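Structure, as C-alpha cells:
The values are calculated or read from the model by the stated rules, or taken from the named source; none is laboratory data. Keep in mind that what you see is a predicted model, and the values were worked out from it rather than measured. Positions of Cβ are generated from backbone atoms using ideal geometry, with glycine treated the same way; all protein chains shown enter the neighbour counts.
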Amino acid sequence: MLTRGGMQALPTTILEPAPPVRFDGYEIVRPLGAGGMACVYLARDVGLGRLVALKIGATRNNPRARARFALEARALGRVQHPNVIAAFHTGEIGGLPYLATEYVPGRALNDLRKPQRWRTVLGIGVGLARALEAVHAGGLLHRDVKPSNVMMTQDGTIKLIDFGLARAIDARIDDDIPGVVELAAGSPDVHLTAPDCIVGTPRYLAPELWSGAPATVRTDLYAMGLVLHELLAGSVPHTGLRGNELVAFMRSH
C-alpha cells in the first residue's frame, strides 16, 4: 500500500497513481473494471452507509473529460426509472473527474452464456425497452446501447448503465464534444467520437450513422435489436468484420 497526503491508497492496478482510499465521504472497496476513458470502483458512501459505483476519469486535468463527466451526470439526473442506473454525485479528486452512481450487483449481458432461451431474452427486451422509453421521454439519446452497458441484477432486473456518450435529442440543448474518429482493426468495441457526431460502438451502430446521419431514437432502438439478436443467435449479424471491413460493409447497406 502507498500513502499520499496522509491517506492510504489502493494498489496501482488500474489508475496510476491510485486514488486515495477515502475522499469526499467515499471509501473505495475494490476495482470493478476499466475502459479507455475511465476506471470504475466499488465504494462505500460513508455517510449514508450504502455501496456505490465510482467512475473516475483516466486522464488528469482534461477539460474534455470533465465536460463529458458533467454531461453524463446531467443526463442521468434527467431520468429516474427502475431500469436506469441512478446518479448520486459528481466531483473531482486529484485532477480526475468522478461520478458516483448506483451500484448494480449482477452481470452485464456480455457475460451471459449465449444463446439464451427466448423467454429470458424476452424479459431482457422488456426491461431494456422500458429503460430506453424513459431515457427518450427525458429528451435523451443513450448512443451506446450494447451488452456491456446493460446489467442484469440477481433478481433479473435490467439496468441500463454508462451514459458517457448520452446527449439531448435536441442537439441545441447539449452540444457534443468533438474528437477524432479512429477505428482500430481487431477492436470491435472501440468508441467513435467525431465533429459530425458519429458516436458509439461500431458493431452496434445503425447503418445510417456510418453515412453521417445524426443519432435518433431509432438508432438507439436499432442497437437494442442487435443486443437481443446477439443473445438469441449467439452473435451479431456482421460478426467477424473488423476495422475498415466493418466500415465498408455498413456503408453499403
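For the range 25-37, check the following and say yes or no: at least one residue is of a type in the set (Asp, Glu) and touching a residue at least 60 places away in the same chain (Cβ under 8 Å).
No, every residue in the range 25-37 fails to be of a type in the set (Asp, Glu) and touching a residue at least 60 places away in the same chain (Cβ under 8 Å).
So which pairs qualify, if the first residue must be in the range 203-214 and in contact (Cβ under 8 Å) with a residue 40 or more places away in the chain and not assigned by TED's automatic domain parsing to the domain that holds VAL227, the second must be surrounded by fewer than 17 Cβ atoms within 10 Å (Cβ to Cβ) and of a type in the set (Gly, Ala, Ser), the Cβ gap must be under 7 Å, and the two must be at least 6 apart or on different chains?
Once the first residue is in contact (Cβ under 8 Å) with a residue 40 or more places away in the chain and not assigned by TED's automatic domain parsing to the domain that holds VAL227 and sits in the range 203-214, no partner that is surrounded by fewer than 17 Cβ atoms within 10 Å (Cβ to Cβ) and of a type in the set (Gly, Ala, Ser) comes close enough.
Condition check ((1) in a loop (DSSP other than H, G, I, E, B); (2) under 21 Å from the mean Cα position of the chain (by Cα); (3) at pLDDT 80 or above) across all residues:
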position: GLU208; (1), (2), (3): no, no, yes
position: HIS229; (1), (2), (3): no, yes, yes
position: GLU245; (1), (2), (3): no, no, no
position: HIS253; (1), (2), (3): yes, no, no
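Kindly indicate the residue of the range 66-96 that is aliphatic (A, V, I, L, M), out of contact with any helix residue (DSSP H, G or I) (no Cβ under 9 Å at 6 or more places or on another chain) and surrounded by fewer than 19 Cβ atoms within 10 Å (Cβ to Cβ) and also nearest to PRO31 (Cα to Cα) among those meeting that condition.
Ranking the qualifying residues of the range 66-96, first place goes to ILE93.
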